[in-house]
Amino acid sequence: MSIDGLRVVYITDESETVAVDSFSLDVKKGELVSIVGPSGCGKTTILRCIAGLLQPTEGKVTIGDKVCTSPGSDRGMVFQDFALFPWRTVKQNVKFGMEIAGVPKEEQEERAMRYIKAVGLEKFADSRIHELSGGMKQRVGIARALVMHPAVILMDEPFGALDAQTRNIMQEQLDKIIVHSDRTIIFVTHSVDEALYLSDRVVILTKRPSSIYKIVDVPWPRPRDRASPEFTNLRKRILEYLEQQNVMED
């Protein structure tokens, strides 16, 4: 996947606001790239452009040979607020995209159960959404994205609304899925710890108008030890980069 010269300008009757400027990034197949940066810097705007939900003022997003100008089945989205259908069961939620795409029913069943099992919810396949905890709901959202076999999965603060313990469990769950999947993932987060635990690379953004300040390679194999001196030192460095952005922009 390639993002080339992305620029987003929001225009109102009274003003123009440049949200993203000169953002370019190449992401390899099977790579998980996290995007971190100051609050309000444009992380979600970039994700929406990749998803095709927002047209950039300049630049383009390309997956393979295709320029992405609208939503498509080659991209799956996992939202912070779950965005599930409460009147449907876990399995029915996971099947929804396949139903729209006209996937044969037998294949729907097989794929849905395969990914429900992958996120550890096979015992809850027939449960209603209101019967699930927050972490379980987010796992449904991940399974729903994976089941469509997208080339790229976009995650916008998917664990941000969860308590600390559940968030760590979800990170470990996603880490296991990453190991057994070749999906490319773009992961927006405010947590440097989360970014380091999950990512192959961490993209640090400037304040708005957002551009890339620095890209940090994460050198360790999975699973990662959050308590190791190496992990702690790299987390400290990234936090220092973010603090420098605040100083530079003040």
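The values are calculated or read from the model by the stated rules, or taken from the named source; none is laboratory data. Computed from a predicted structure; not experimentally measured. When we count neighbours, we look across all protein chains shown, and the Cβ atoms used for this are built from the backbone with ideal geometry, even at glycine.
Within the range 33-51, restricting attention to residues that are β-branched (Val, Ile, Thr) and in a helix (DSSP H, G or I), the residue that is surrounded by the most Cβ atoms within 10 Å (Cβ to Cβ) is Ile46.
Residues in the range 6-32 that are of a type in the set (Val, Ile, Thr), surrounded by fewer than 12 Cβ atoms within 10 Å (Cβ to Cβ) and not in a strand (DSSP E or B): Thr12 alone.
Any idea which of Pro86, Pro150 is more than 21 Å from Gln173 (Cβ to Cβ), outside any helix (DSSP H, G or I), of a type outside the set (A, V, I, L, M) and touching a residue at least 24 places away in the same chain (Cβ under 8 Å)?
Numbers: Pro150 fails: more than 21 Å from Gln173 (Cβ to Cβ).
So the residue among Pro86, Pro150 that is more than 21 Å from Gln173 (Cβ to Cβ), outside any helix (DSSP H, G or I), of a type outside the set (A, V, I, L, M) and touching a residue at least 24 places away in the same chain (Cβ under 8 Å) is Pro86.
Which pairs have Cβ atoms under 7 Å, sit 6 or more apart or on different chains, and link a residue in the range 162-175 that is free of Cβ contacts under 8 Å to residues at least 60 places away in the same chain to one that is basic (Lys, Arg) and crowded, with 16+ Cβ neighbours inside 10 Å? Listed pairs, sorted by first residue: Gln173/Arg139.
Among the residues of the range 212-234, how many are surrounded by 15 or more Cβ atoms within 10 Å (Cβ to Cβ), without any contact (Cβ under 8 Å) to a residue 60 or more places away in the chain and either within 27 Å of His180 (Cα to Cα) or out of contact with any Phe, Trp or Tyr (no Cβ under 6 Å at 6 or more places or on another chain) (or both)? I'd like the intermediate steps shown before the answer.
Keep residues of the range 212-234 that are surrounded by 15 or more Cβ atoms within 10 Å (Cβ to Cβ), which gives 212-214, 216, 218, 224, 231, 234.
Still in the list and also without any contact (Cβ under 8 Å) to a residue 60 or more places away in the chain: 214, 216, 218, 224, 231, 234.
Then keep just the ones that are either within 27 Å of His180 (Cα to Cα) or out of contact with any Phe, Trp or Tyr (no Cβ under 6 Å at 6 or more places or on another chain) (or both); that gives 216, 218, 224, 231, 234.
Count: 5.
Testing Val103 on (1) farther than 21 Å from His190 by Cβ; (2) modelled with pLDDT under 90; (3) surrounded by fewer than 19 Cβ atoms within 10 Å (Cβ to Cβ); (4) among the β-branched types (Val, Ile, Thr), one condition comes back false. Which one is that? The number of the failed condition is (2).
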